[in-house]
Amino acid sequence: METSAGTNPETQAALDADRLHQPPDPVDDTGANTPNMGGGLPVIQYWAEHTLSPEGPKLWQALTHKSACLSCAWGTGGQKGGFTNEIGEKMQRCMKSVEAISAEIQPPVPPQFFEQHSLAELQQLTSMEADRLGRWSYPVIYRAGSSHYKRIDWQEIYAIAETAFRQPPERVASYSSGRSSNEAAYLLQLMMRTLGSNNLADCSDLCHAPSTVGLKQMFGSGTSMVSLENLKQADCVVLIGSNAPSNHPRLMNELIKLRERGGKVIVINPVIEVGLVKFASPAFPLKSLLTGSDIATLYLQLIPGSDVALFVGIQKSLIEQELIQSDYLAAHTEGWQEVVAYAEAADWDTLTTTCGIAQEEIAAAARMIGTSKAVVFAWAMGVTQHDNGVDNVYSIANTALLTGNAGKPGAGTMPIRGHSNVQGFGSMGVTVRLKQEIQQALEALLGRSLSRVPGYDTRALIEAADAGQIDTLICVGGNLYAANPDLTQAKRALGNIQTIIYLATKPNLGHFHGLARQNTIVIPVFNRFENPHKTTTESGNNFVRLNDEGKTHLQDADLISEVEFLTELAHRLHGTYPVDWRQLQDTKYVRQLIAKTIPGFEAMATIDETKTEFTIGGRIFNEPQFATPSGKAQMFVTPLPTLALPSLEAFPVPPTTQSLVLSLITGRSYSQHNTVVYKPHDRYRGMPHRNCILMNPEDAKRAGFQEHQRVTVQGDAGKLENVEIIFGSVRAGSALMFYPEVNVLFTARIDKRCGTPAFKRVPVVVYA
């Protein structure tokens with residue numbers, strides 16, 4: 001296919017290439033060459049090496065434990081068994097889960113380690129090196145003026161914590177990730193809101209908050225409306241801004257099965273990810289493992305940040321091809337006339353120039369969508385991490401509604417969540433945008449109104465800390481330091497906080513760089529399959545799993561569960577108001593409290609007796625009756641983005657320097673989970689180490705750069721030196737580098753409606 005993209009400087013090179021071309025040939029595991037398909041025999045080799053190694057027995061014990069996968073929200077587990085998904089299908093584990101478990105069954109960090117290594121030394125570690133130190137197995141403290149972490153006893157921990165949390169509530173905050181349980185999440189928010197603080201920042205603020213905000217406004221529910229069972233009824237999937245082969249491998253099995261039953265997959269991504277072209281799944285050894293399965297029917301390699309322009313173009317083409325469902329729109333939506341009028345009036349040259357996709361290709365995508373019986377629109381952070389992320393979500397959902405693909409089996413909107421229980425934390429009320437129904441239930445529990453002072457989301461928390469407005473911070477999992485843009489600011493901001501308490505299973509960069517002004521405490525906790533009590537988690541498709549009790553492999557370790565720590569701290573702060581906190585150390589009672597106060601979780605009340613896992617009510621829409629006040633979906637006009645890059649003069653680089661201004665995509669590598677790096681290279685993209693920049697060959701040649709040349713990459717907040725250029729299938733005018741290291745470069749623009757930073761479109765200059 002050919003495309004014409006006008007005069008936009010980001011679309012001048014390499015625009016006549018076949019968008020479904022196969023990436024270069026084959027493979028070794030050093031990153032020197034890229035494979036011609038995702039998955040395949042290297043996955044089998046990885047499984048064999050780990051399961052047959054000395055760690056094998058512990059690994060298999062964790063894999064078969066009745067608990068949810070530690071990795072992505074597409075994981076398996078729960079009462080059906082470690083290898084089983086929510087509808088009972090077997091053999092559903094992937095390499096991501098093995099990586100996560102292998103990291104958790106490491107030996108403990110040696111007792112003498114922190115006596116022998118100063119913080120200055122530890123700050124030289126990479127993310128992978130920090131993770132491979134081992135498991136936290138005893139609590140430590142870093143005090144102001146010290147040079148080392150030192151062991152601390154529990155009596156002093158609680159004394160420091162109690163004093164810290166008795167500061168004014170607006171100066172107390174929390175941050176969390178999806179590594180923990182629904183029970184811990186519920187206790188965290190209840191403890192904080194009982195204090196009078198709404199400062200419940202969460203890792204979702206940095207990723208899928210635009211999905212939550214946008215979908216809530218449109219459909220009354222901020223999560224996926226598609227269950228796994230529904231996905232199996234789709235005959236078309238539109239996959240936008242996702243590297244599912246690396247981050248959600250089990251989803252690839254569903255795409256393979258969809259293609260086998262004659263369905264279509266439209267991939268929209270500025271980078272041609274080899275696994276989205278062809279994927280070899282070990283789940284299908286006879287028909288996929290050796291030869292691979294075709295994934296993309298159509299691959300649209302758009303300009304980063306131009307999703308709205310592309311989807312308005314698809315809408316315009318649907319109208320021109322008479323493929324919109326007017327009767328459905330009139331009966332089940334509001335605001336549709338304005339959306340249709342905006343698309344009709346949009347100029348084709350402006351649309352194609354903005355997104356870099358030819359009108360003919362847009363028409364082909366519209367035809368596939370408009371003539372399919374049931375279409376699922378799925379997306380990840382390539383859609384959300386922009387300063388117009390909410391508009392991106394609106395534009396995708398508008399397209400679903402225009403074609404009647406919402407509120408019926410096999411169709412709908414499906415944000416793909418990253419961390420295994422990140423959605424559960426939001427459901428439990430760990431959010432600055434608390435649902436009115438939960439607010440009312442909590443106020444009834446407390447016997448008073450909740451604070452009306454708006455809480456800090458993650459970016460607002462960093463800004464407040466940077467301004468000296470936070471005294472106390474508790475981090476339940478996560479890596480607040482490394483997950484943020486502008487690492488210099490993040491380090492400075494955390495250094496302004498008097499007391500920081502980290503609950504964690506393993507060391508990460510935040511424990512060494514995110515140091516408080518007075519006391520930094522790291523509390524070692526059990527992971528999901530070690531907890532001494534039952535817990536629950538929630539998948540990205542709204543399925544609640546029950547996790548059995550477990551045991552840790554760590555001998556003589558001084559660990560605690562998040563539930564035990566939070567309930568004990570809350571008891572010391574609140575006594576028995578509004579609940580008997582110490583009784584809640586039996587998580588059965590937490591679940592009963594959740595059932596009473598969190599809508600859709602009523603079945604939680606009896607899950608201990610019935611062991612019956614469930615899909616949360618009011619979220620899967622099989623009929624076009626939505627959870628809005630009118631019962632109709634609300635549609636919103638989405639203005640086209642302005643995507644001009646700054647000139648070279650905007651950067652502190654001499655004008656005579658050999659240089660090139662690009663739009664930088666920050667992302668994870670293969671073999672990485674959030675900020676945790678398991679391998680230093682990316683074999684799928686041919687990037688041999690972390691300090692690489694993936695560039696379009698035509699961009700590089702136009703600027704006079706050669707592959708493997710070492711360059712400096714400069715953003716508006718910092719620079720990285722000695723960066724190796726790697727040629728790859730990235731959109732012209734764009735480049736890709738690895739998060740979190742690249743976060744040092746930039747201060748991201750923010751979508752003010754949800755607080756999410758623009759990690760996927762970062763202006764940088766590359767120079768020799």
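The values are calculated or read from the model by the stated rules, or taken from the named source; none is laboratory data. Fair warning: this is a prediction, and the values are worked out from it, not measured in the lab. Using ideal geometry, Cβ is built from the backbone for each residue, glycine included, and neighbour counts are taken over all protein chains shown.
For the reader, a short list of remarks on this structure follows.
- Positions within the range 493-504 being surrounded by fewer than 24 Cβ atoms within 10 Å (Cβ to Cβ) and in contact (Cβ under 8 Å) with a residue 60 or more places away in the chain, in sequence order: Q498, T499, A504
- Within the range 596-611, at least one residue is closer than 30 Å to N542 by Cα, part of a loop (DSSP other than H, G, I, E, B), hydrophobic (A, V, I, L, M, F, W, C) and under 25 Å from the mean Cα position of the chain (by Cα).
- Per the conditions (1) part of a helix (DSSP H, G or I); (2) in contact (Cβ under 8 Å) with a residue 60 or more places away in the chain; (3) surrounded by fewer than 24 Cβ atoms within 10 Å (Cβ to Cβ), the sole criterion not satisfied by L188 is (3).
- Taking the criterion of being of a type in the set (V, I, T) and within 14 Å of Y481 (Cβ to Cβ), the residues of the range 493-528 that qualify are I497, I500, T520, V522.
- Those helices (runs of 4 or more DSSP H) lying entirely in the range 200-263 with at least 1 residues at pLDDT 95 or above: 209-219, 228-231, 249-260
- Pick from the range 719-735, criterion touching a helix residue (DSSP H, G or I) at 6+ places or on another chain (Cβ under 9 Å) and aliphatic (A, V, I, L, M), ranking: nearest to T666 (Cα to Cα): A735
Listed here are the residues, each with its yes/no results for (1) assigned to a loop (DSSP other than H, G, I, E, B); (2) closer than 30 Å to I693 by Cβ.
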site: G618; (1), (2): yes, no
site: N622; (1), (2): yes, no
site: A627; (1), (2): yes, no
site: T642; (1), (2): yes, yes
site: L645; (1), (2): yes, yes
site: T657; (1), (2): yes, yes
site: L660; (1), (2): no, yes
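- Considering (1) charged (D, E, K, R); (2) surrounded by fewer than 23 Cβ atoms within 10 Å (Cβ to Cβ); (3) modelled with pLDDT under 95, the lone condition that K373 does not fulfil carries the number (3).
- Hey, G196 assigned by TED's automatic domain parsing to the domain that holds G447, surrounded by fewer than 24 Cβ atoms within 10 Å (Cβ to Cβ) and of a type in the set (G, A, S) or not: yes
- Yes/no for T638 being over 30 Å from G39 (Cα atoms), modelled with pLDDT under 95 and among the hydroxyl-bearing types (S, T, Y): no
- For first residues located in the range 116-134 and within 17 Å of Y670 (Cα to Cα), partners that are among the charged types (D, E, K, R) and lie 6+ apart or on another chain with Cβ distances below 6 Å form the pairs D131/K506.
- Checked against (1) surrounded by fewer than 18 Cβ atoms within 10 Å (Cβ to Cβ); (2) touching a residue at least 12 places away in the same chain (Cβ under 8 Å); (3) outside the structural domain of L664 (by TED's automatic domain parsing), A633 passes all but a single condition, namely (1).
- Filtering S306, S281 for residues that are modelled with pLDDT under 95, within 30 Å of R683 (Cβ to Cβ) and surrounded by 23 or more Cβ atoms within 10 Å (Cβ to Cβ) leaves a single hit, S281.
- Residues in the range 117-148 that are closer than 19 Å to A482 by Cβ and of a type in the set (S, T, Y): 3 in all.
One line per residue, one yes/no per condition, for (1) assigned by TED's automatic domain parsing to the domain that holds A378; (2) touching a helix residue (DSSP H, G or I) at 6+ places or on another chain (Cβ under 6 Å); (3) surrounded by fewer than 24 Cβ atoms within 10 Å (Cβ to Cβ):
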{"residue": "G214", "(1), (2), (3)": "yes, yes, no"}
{"residue": "N230", "(1), (2), (3)": "yes, no, yes"}
{"residue": "A234", "(1), (2), (3)": "yes, no, no"}
{"residue": "N247", "(1), (2), (3)": "yes, no, yes"}
{"residue": "N253", "(1), (2), (3)": "yes, no, yes"}
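- Scope the range 62-102; condition surrounded by fewer than 20 Cβ atoms within 10 Å (Cβ to Cβ) and in contact with an Asp or Glu (Cβ under 7 Å, 6 or more places away or on another chain); matching residues: Q79, I87, S102
- S420 being modelled with pLDDT under 95, crowded, with 24+ Cβ neighbours inside 10 Å and among the hydroxyl-bearing types (S, T, Y): yes
- Only residues that are more than 17 Å from V522 (Cα to Cα) and at pLDDT 95 or above were counted across the range 555-574, and they come to 6.
- The residues of the range 427-486 include none that are surrounded by fewer than 17 Cβ atoms within 10 Å (Cβ to Cβ) and within 19 Å of the chain's Cα centre (by Cα).
- Checking each residue in the range 327-371 for being in contact (Cβ under 8 Å) with a residue 12 or more places away in the chain and of a type in the set (G, A, S) picks out A331, G335, A343, A346, G356, A358, A363, A364, A365, A366, G370.
- Among (1) in a loop (DSSP other than H, G, I, E, B); (2) surrounded by 16 or more Cβ atoms within 10 Å (Cβ to Cβ); (3) not hydroxyl-bearing (S, T, Y), the one test that L59 misses: (1)
Matching residues to (1) surrounded by 16 or more Cβ atoms within 10 Å (Cβ to Cβ); (2) among the acidic types (D, E); (3) within 27 Å of K435 (Cα to Cα):
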{"position": "I523", "(1), (2), (3)": "yes, no, no"}
{"position": "T537", "(1), (2), (3)": "yes, no, yes"}
{"position": "V563", "(1), (2), (3)": "yes, no, yes"}
{"position": "L566", "(1), (2), (3)": "yes, no, yes"}
{"position": "L569", "(1), (2), (3)": "yes, no, yes"}
{"position": "T576", "(1), (2), (3)": "no, no, yes"}
{"position": "D580", "(1), (2), (3)": "no, yes, yes"}
{"position": "V590", "(1), (2), (3)": "yes, no, yes"}
{"position": "F614", "(1), (2), (3)": "yes, no, yes"}
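- Among residues of the range 266-321, those that are part of a loop (DSSP other than H, G, I, E, B), small (G, A, S) and under 19 Å from G389 (Cβ atoms), counted: 2
- 3 or more residues under 25 Å from the mean Cα position of the chain (by Cα) and over 25 Å from T642 (Cβ atoms): qualifying helices (runs of 4 or more DSSP H) within the range 324-407: none
- Scan of the range 42-55 for residues that are assigned to a helix (DSSP H, G or I) and surrounded by 14 or more Cβ atoms within 10 Å (Cβ to Cβ), ordered by number: P42, V43, I44, Y46, W47, H50, T51
- Members of the range 75-97 found to be within 24 Å of the chain's Cα centre (by Cα) and closer than 19 Å to N527 by Cβ, listed by number: G75, T76, G77, G78, G82, F83, R93, C94, M95, K96, S97
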